[in-house]
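The values are calculated or read from the model by the stated rules, or taken from the named source; none is laboratory data. Computed from a predicted model, the values in this text were never measured in an experiment. When we count neighbours, we look across all protein chains shown, and the Cβ atoms used for this are built from the backbone with ideal geometry, even at glycine. Ligands, DNA and RNA are excluded from the accessible area calculation, which covers all protein heavy atoms including side chains. Shrake-Rupley method; radii C 1.70, N 1.55, O 1.52, S 1.80 Å.
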Amino acid sequence: MDAISRVAHERAITRRDFLRSVAIAGAGSQLFSFAPALALQPQRDRKVVVVTFGGGARDKETFAAEGQENIPHLIRELIPQATFFTQVVNRGILGHYVANASIATGVYERFDNFAHVAPENPTVFEYFRKGLRRPAQDAWVIAPSNGFNRIGQSSGALFPGGYGAEVVLPKELLASAAQREDMHPESLDFLLQDNYENPFLVSPSLHADTQLDRLQQILRISVKEIIAHAGTLSSADELSVFVMEQVMRQFSPSLLWITLHDMDVAHSGAYSLYIDAIQRTDRLCAEIWQKIESHPEYKGRTTLVILPDFGRDSDFDGAGNGFQHHRTGDALSRTTWIMALGPGIRENFTVDRPVESVDLVPTIGSWMGFETPYAKGRPVTEIL
Ligand SMILES: [Zn+2]
């Protein structure tokens, strides 16, 4: 067993013990036993929503005893309805774009996290659209920063072009809207910080007028509405969830991917902002499930998957700076979790065996009935 596997195993025990300690719904014996998979047939009308609990949070601030108060919605509302995997390893590069792209292709992509490149391997959106002959607007990605704008479609080296997802960057949408209204952007600065890895305010690109026009047109949302709503929000992730709602209302895509990212504010070194962001992400995950369950096109036929992109550095690695960054690539920062909930998924069920974040794409392929030939992961049998 290598060091990463060993630490992942130890983390799994901690998470499992924690879940047992909160005695979720009192289903103790069922919670940790194994039962054969239900082996449901793929459903043509099934919808899948993937939420990246993204930006990087550690167990210490989430599933460990001292962190549990930060994730009450996951623990009390979602996990009791979910199959929860305690041991998920990310063996790829710990940069947000490349890590999310790897989750979306099912292959550990090797490109420079800060390069404006498309993933080399086909994305789940392309497999889905080509395999099931779905139109462009049946697959959407809501992404947190400019760096993600090519996540919807691979480079074309391995797959024909034209099957990517619609990618919307809410900050870019807002920045362009503010510029068009000739608004002084300072009041919206906190929503417009493009990423948290750069200590200086970097606004999203403002060269996207055509994209703004197009998105406004297809989302049927006006510049004034975007700005008015932004004024009521407390974070960029709330803006993303607002845009996600518009996409659900307008297109009800069968494959919808949203990357939350607020907690990456930890790079600023402000622990309290990092904790606030974890608590907000926890709340937004529950709100997303409520939106699914109250939407006639989604209710009763949607599988929700929530997973982090990766963690953050431990307090004990001399090469790092604790919660602030994810630079060391240490084993702790690579071990996370996944939960899935929805029809056909066992509720209140915990799986301790190791799985990897690249297993998600083939699992989604099995759920929806399309092939994922280049993905390296394997379908996760416990939730098929
Ligand atoms: Zn980061």
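Any lysines with Cα under 30 Å of the LYS130 Cα? List them, leaving off those in the same chain fewer than 8 positions away.
Candidates past the 8-residue exclusion: LYS47, LYS171, LYS291, LYS299, LYS376.
Run the accessible area of segment 63-114 with a 1.4 Å probe and give the carbon-and-sulfur part as a rounded percent.
Summing carbon and sulfur atoms, their accessible area is 53 percent of the total for segment 63-114.
Just read off the accessible area of ASP182 with the full protein assembly in place, 1.4 Å probe, to the nearest 10 Å².
Its accessible surface works out to 130 Å², give or take rounding.
Quick one: compute the contact order of the chain, relative version, from alpha carbon pairs under 8 angstrom and 6+ residues apart, as a percent.
Once divided by the residue count of the chain, the mean separation gives 33 percent.
For the chain, report the accessible area per residue in Å² (1.4 Å probe, heavy atoms, rounded to an integer).
39
For SER154, enumerate residues with amide H under 5 Å from its amide H, sequence gap 5+ or separate chain, H modeled in the peptide plane.
THR123
Go through LEU341, CYS285, TRP257 and say which Cα lies farthest out towards the positive end of the charge dipole of the chain; charges sit on Cβ, +1 for Lys and Arg, -1 for Asp and Glu.
Among LEU341, CYS285, TRP257, the one farthest towards the positive end of the dipole of the chain is LEU341.
Give the residue from LEU158, LEU360, GLY131 lying farthest towards the positive end of the charge dipole for the chain; charges sit on Cβ (+1 for Lys and Arg, -1 for Asp and Glu) and the dipole is referred to the Cα centre.
Result: GLY131, furthest along the dipole toward the positive end.
Would you be so kind as to identify which of ASN121, ALA65, ASN90 lies farthest towards the positive end of the dipole of segment 57-162, taking Lys and Arg as +1 and Asp and Glu as -1 on Cβ and the Cα centre as origin?
Selected residue: ASN121.
Taking every DSSP beta bridge that has both residues in the chain, what percent is antiparallel when rounded to the nearest 5?
Here the share of antiparallel DSSP bridges comes out near 25 percent.
Please list the non-local residues whose amide H lies under 5 Å from the amide H of VAL167, H modeled 1.01 Å from N, same-chain partners needing a gap of 5 or more.
VAL141
What is the dipole size for the chain, taken about its Cα centre, with +1 at each Lys and Arg Cβ and -1 at each Asp and Glu Cβ, in debye to the nearest 20?
Its charge dipole is roughly 1340 debye.
What do you get for trypsin sites (Lys or Arg not before Pro) in segment 111-203 restricted to DSSP loop and a cutoff of at most 12 other Cβ within 10 Å of the site's Cβ?
Hits after loop and neighbour filter: ARG133.
Probe radius 1.4 Å, ligands and nucleic acids ignored: give me the carbon and sulfur share of the accessible area of segment 242-329 as a rounded percent.
47
Which peptide among 93-105, 246-258 comes first, and what is the full order, when sorted by highest mean count of other Cβ atoms within 10 Å?
In descending order of packing, they fall as 93-105, 246-258.
Per the helix-only calculation at 222 nm, which mean residue ellipticity applies to the chain, given -39500 (n - 2.57) for every DSSP H run of n ≥ 4 and division by its residues, nearest 500 deg cm²/dmol?
Dividing the helical sum by the residues of the chain leaves -10000 deg cm²/dmol.
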